[in-house]
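Written below as C-alpha coordinates is the structure these notes are about.
The values are calculated or read from the model by the stated rules, or taken from the named source; none is laboratory data. All of these numbers come straight from a predicted model, not from anything done at the bench. Heads up, the Cβs are rebuilt from the backbone with ideal geometry, glycines too, and the neighbour counts pull from every protein chain shown.
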Amino acid sequence: MKRSGFGLAAALVLGSVCAPVGMAQDSKPHDGSWVAQYPQRKNNNMLEAVVVLRGSTGTWNVTPPSMRAKNPCLGRDYPVSVVAESADSIELAVHGSKALTGCSDLSVKLKRVDEKTFEGLIDDTRKVTLKRQ
(Lines give C-alpha, C1' and ligand atoms only; values in the text may rest on other atoms or scores of the structure.)
Protein backbone atom coordinates (compact mmCIF):
# COMPACT_ATOMS: atom_id res chain seq x y z
CA MET A 1 0.00 0.00 0.00
CA LYS A 2 1.46 3.33 -1.11
CA ARG A 3 1.19 6.40 1.11
CA SER A 4 1.10 9.89 -0.23
CA GLY A 5 3.64 12.44 1.00
CA PHE A 6 0.90 15.08 0.82
CA GLY A 7 -0.22 14.53 4.43
CA LEU A 8 3.28 15.16 5.75
CA ALA A 9 3.79 18.21 3.52
CA ALA A 10 0.44 19.67 4.62
CA ALA A 11 1.32 19.12 8.28
CA LEU A 12 4.70 20.85 7.84
CA VAL A 13 3.12 23.86 6.12
CA LEU A 14 0.38 24.10 8.74
CA GLY A 15 2.95 23.79 11.54
CA SER A 16 5.12 26.56 10.10
CA VAL A 17 2.11 28.88 9.84
CA CYS A 18 0.73 28.14 13.31
CA ALA A 19 4.06 28.03 15.21
CA PRO A 20 4.70 31.82 15.13
CA VAL A 21 1.23 32.43 16.59
CA GLY A 22 1.99 30.12 19.51
CA MET A 23 5.41 31.69 20.01
CA ALA A 24 3.97 35.18 20.13
CA GLN A 25 1.81 34.15 23.07
CA ASP A 26 4.95 33.21 25.05
CA SER A 27 6.31 36.76 25.18
CA LYS A 28 7.30 38.13 28.57
CA PRO A 29 6.60 41.62 29.98
CA HIS A 30 10.33 42.40 29.93
CA ASP A 31 10.79 41.39 26.26
CA GLY A 32 11.97 44.16 23.96
CA SER A 33 14.65 46.84 23.69
CA TRP A 34 15.79 48.85 26.69
CA VAL A 35 18.41 51.48 27.48
CA ALA A 36 20.34 50.92 30.72
CA GLN A 37 22.06 53.80 32.51
CA TYR A 38 24.53 53.18 35.34
CA PRO A 39 27.83 54.52 36.74
CA GLN A 40 31.24 53.07 35.94
CA ARG A 41 33.02 51.26 38.76
CA LYS A 42 36.16 53.41 38.65
CA ASN A 43 34.97 56.99 38.34
CA ASN A 44 31.16 57.08 38.47
CA ASN A 45 30.91 58.42 34.89
CA MET A 46 27.57 57.32 33.51
CA LEU A 47 27.51 54.45 31.04
CA GLU A 48 24.69 53.57 28.68
CA ALA A 49 23.92 50.11 27.30
CA VAL A 50 21.39 48.88 24.79
CA VAL A 51 19.70 45.82 26.29
CA VAL A 52 17.57 43.47 24.18
CA LEU A 53 15.59 40.75 25.97
CA ARG A 54 13.67 37.85 24.39
CA GLY A 55 12.31 35.22 26.75
CA SER A 56 15.14 33.93 28.92
CA THR A 57 18.04 35.37 26.88
CA GLY A 58 19.26 38.60 25.39
CA THR A 59 22.18 40.96 24.83
CA TRP A 60 23.80 43.87 26.70
CA ASN A 61 25.92 46.30 24.64
CA VAL A 62 27.75 49.24 26.26
CA THR A 63 28.48 51.79 23.57
CA PRO A 64 30.00 55.07 24.79
CA PRO A 65 31.62 56.27 21.54
CA SER A 66 34.37 58.29 23.21
CA MET A 67 35.74 55.26 25.08
CA ARG A 68 35.34 52.50 22.48
CA ALA A 69 38.91 52.81 21.14
CA LYS A 70 40.40 52.60 24.65
CA ASN A 71 38.40 49.60 25.88
CA PRO A 72 37.93 46.49 23.72
CA CYS A 73 35.06 45.31 25.96
CA LEU A 74 32.83 48.18 24.82
CA GLY A 75 30.65 47.98 21.75
CA ARG A 76 30.22 44.19 22.02
CA ASP A 77 27.05 42.17 22.52
CA TYR A 78 27.39 40.44 25.88
CA PRO A 79 25.08 37.43 26.24
CA VAL A 80 22.38 37.83 28.92
CA SER A 81 20.54 35.13 30.85
CA VAL A 82 17.35 35.74 32.82
CA VAL A 83 18.15 34.18 36.21
CA ALA A 84 14.81 34.90 37.91
CA GLU A 85 11.65 36.80 37.08
CA SER A 86 8.25 37.69 38.44
CA ALA A 87 5.56 40.16 37.46
CA ASP A 88 7.40 42.95 39.30
CA SER A 89 11.08 42.00 39.12
CA ILE A 90 13.79 40.44 37.00
CA GLU A 91 17.33 39.28 37.67
CA LEU A 92 19.86 39.15 34.84
CA ALA A 93 23.31 37.60 34.48
CA VAL A 94 25.38 39.56 31.96
CA HIS A 95 28.20 37.37 30.62
CA GLY A 96 30.86 39.85 29.50
CA SER A 97 33.61 37.23 29.80
CA LYS A 98 31.85 35.08 27.19
CA ALA A 99 31.99 37.98 24.71
CA LEU A 100 35.71 38.58 25.28
CA THR A 101 38.11 37.16 27.86
CA GLY A 102 38.81 39.81 30.49
CA CYS A 103 35.48 41.62 30.15
CA SER A 104 33.36 41.85 33.32
CA ASP A 105 30.38 39.68 34.20
CA LEU A 106 27.52 41.52 35.90
CA SER A 107 24.65 40.54 38.18
CA VAL A 108 21.67 42.86 37.64
CA LYS A 109 18.64 42.86 39.98
CA LEU A 110 15.70 45.02 38.88
CA LYS A 111 12.24 45.97 40.15
CA ARG A 112 9.48 47.31 37.91
CA VAL A 113 8.66 50.99 38.45
CA ASP A 114 6.09 51.19 35.63
CA GLU A 115 5.47 49.64 32.20
CA LYS A 116 8.50 51.41 30.72
CA THR A 117 10.97 51.47 33.61
CA PHE A 118 12.94 49.08 35.82
CA GLU A 119 15.32 50.22 38.58
CA GLY A 120 17.78 48.24 40.63
CA LEU A 121 21.41 47.41 41.31
CA ILE A 122 24.37 46.02 39.41
CA ASP A 123 26.50 43.69 41.55
CA ASP A 124 24.46 44.89 44.56
CA THR A 125 26.34 48.22 44.58
CA ARG A 126 25.67 50.47 41.57
CA LYS A 127 22.24 51.90 40.72
CA VAL A 128 20.89 51.06 37.28
CA THR A 129 17.78 52.20 35.40
CA LEU A 130 16.33 50.46 32.35
CA LYS A 131 13.92 52.40 30.14
CA ARG A 132 11.98 50.79 27.32
CA GLN A 133 12.90 52.09 23.86
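For Tyr78, the conditions (1) over 14 Å from the mean Cα position of the chain (by Cα); (2) surrounded by 14 or more Cβ atoms within 10 Å (Cβ to Cβ); (3) of a type in the set (Ser, Thr, Tyr) all hold with the exception of (1).
The condition (being surrounded by fewer than 14 Cβ atoms within 10 Å (Cβ to Cβ) and over 18 Å from Gln37 (Cβ atoms)) is satisfied by just one residue among Lys70, Lys116, Lys127: Lys70. Residues in region 84-113 that are surrounded by 15 or more Cβ atoms within 10 Å (Cβ to Cβ) and of a type in the set (Asp, Glu) were compared, and the one that is modelled with the highest pLDDT is Glu91. Taken over region 105-133, the residue count meeting the criterion of being over 15 Å from the mean Cα position of the chain (by Cα) and not charged (D, E, K, R) is 4. When every residue of region 50-68 is checked against the conditions, none turns out to be part of a strand (DSSP E or B), hydroxyl-bearing (Ser, Thr, Tyr) and touching a residue at least 40 places away in the same chain (Cβ under 8 Å).
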